[in-house]
Structure formats: structure tokens, C-alpha cells
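Comments concern the structure below.
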Amino acid sequence: MNVLFKRAVNLGWIEYSPTAGMDKISIEVPRTRALNRDEVKLIWDSLHLMTRNQSDGFKLLFLLPQRVGELLSIRWEDIDFDDKVWNMSKNKSDRAFSVPLSDQAQKILLDRKNGTDYTKKTQWMVNSPYVFPSQYNRFRPHAQGKGHTRSLRKGLLVLRNELDIPGWTIHDIR
């Protein structure tokens with residue numbers, strides 16, 4: 001709520017925030033859950049149940065444990081196949097660093113780049129500047145010109161419906 005009032009003050013809609021000086025109501029508790037070996041295997045073996053973007057996204061989350069938003073916004077220009085690294089310049093911590101690519105991660109990325117096993121319907125993805133392009137988000141006003149997949153939520157729902165793994169989230173992969 002404080003963010004909303006801060007924005008209203010910055011836009012000149014109100015003189016001051018009614019929440020100024022108030023303490024936070026709750027303290028955010030960091031998640032401590034992590035998937036165990038059996039859960040990881042169960043999820044990995046079930047990735048065929050979802051779309052190509054979702055499946056490859058989950059695979060790369062396991063292989064390159066980075067934030068999901070950062071992974072989904074990768075541009076091809078950020079991948080160096082010769083040095084086997086993903087050069088991440090934009091991220092939550094605002095510091096550039098390189099993520100090494102295992103052979104398995106590099107194969108997934110190369111298959112996406114080359115359109116391996118893409119259908120006629122998904123062949124358009126080969127020409128996108130994004131590793132995880134989204135037909136839907138290319139023209140949506142809220143996407144602000146970002147033509148990449150924004151979430152793996154639908155894939156997560158597919159897995160939650162199929163698997164008996166209580167209370168897990170995508171963050172538990174990291």
C-alpha cells in the first residue's frame with residue numbers, strides 16, 4: 001500500500017502519504033524449502049506434459065538456478081555459445097555477471113535457437129531476439145514491448161495437478 005501512496009505523492013495527487021512513518025505490518029520471511037532429489041526427478045520426468053517454452057524453462061531453471069524472470073527475459077545476444085556462458089547484465093542485483101552453461105543447458109539453448117522440433121505453428125520463435133518469446137506478449141500494452149514469456153505459472157499448475165508434491169513453488173528449484 002505504501003508504494004501506491006508514494007506514487008500518488010510523486011504524481012502530485014496527494015500532499016503526503018498517510019502511511020508515512022508507519023512500521024511494516026509484517027516481516028517477510030525468506031523461503032527455506034528446497035526440492036529433494038526424488039521431487040526433482042518426479043518433476044523432471046513430468047516436463048513432457050507442458051508446452052515447449054514451459055518445459056525448456058523448467059529444465060533451464062534446474063540447470064541454471066537463476067531467478068525465473070531473469071531466465072525468461074534472456075536475449076540471444078546474451079548467450080555466448082563459444083565461451084559457454086550466459087552474460088547477464090540486467091538482473092535484480094544490478095550487477096553484471098556470467099552464468100556458465102553446462103553441455104545440457106547449451107544443447108537446450110541451441111535446439112531453441114535452431115528451431116529443432118518446432119512445429120509450423122511455433123517456427124516464428126526462431127526469428128525472435130528472445131530465447132523464450134511469447135506471441136501473446138509481443139503486442140500487449142502491459143508488456144511494454146517485451147516479447148518474451150513472463151511466467152511459468154501455467155506449467156507449474158500442470159505439474160501441481162499431476163504430481164503429489166505438497167506446497168512447492170518455482171522458487172524451491174533455486
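The values are calculated or read from the model by the stated rules, or taken from the named source; none is laboratory data. Just so it is clear, the model here is predicted, and its values are computed rather than measured. Here the Cβ positions follow ideal geometry from the backbone for every residue, glycine too, while neighbour counts run over all protein chains shown. SASA here: full protein model, heavy atoms, side chains in, ligands and nucleic acids out. Shrake-Rupley method; radii C 1.70, N 1.55, O 1.52, S 1.80 Å.
Among what's in region 59-88 and is among the hydrophobic types (A, V, I, L, M, F, W, C), in a loop (DSSP other than H, G, I, E, B) and closer than 13 Å to L101 by Cα, pick the residue that is modelled with the highest pLDDT.
My answer is F81.
Can Q54 be described as assigned to a loop (DSSP other than H, G, I, E, B) and of a type outside the set (A, V, I, L, M, F, W, C)?
No, not satisfied.
Which residue pairs have Cβ atoms under 9 Å apart, sit 6 or more places apart or on different chains, and have a first residue in region 155-174 that is farther than 14 Å from F62 by Cα and open to solvent by 30 Å² or more (accessible area, probe 1.4 Å) and a second that is part of a loop (DSSP other than H, G, I, E, B) and of a type in the set (A, V, I, L, M)?
As it stands, the answer is V158/M50, since those pairs meet every condition given.
Limited to region 112-134, what total is found for residues that are part of a helix (DSSP H, G or I) and either of a type in the set (S, T, Y) or open to solvent by less than 40 Å² (accessible area, probe 1.4 Å) (or both)?
2
Collect the residues in region 95-111 that are surrounded by fewer than 17 Cβ atoms within 10 Å (Cβ to Cβ), modelled with pLDDT of 90 or more and under 18 Å from the mean Cα position of the chain (by Cα), keeping them in residue-number order.
P100
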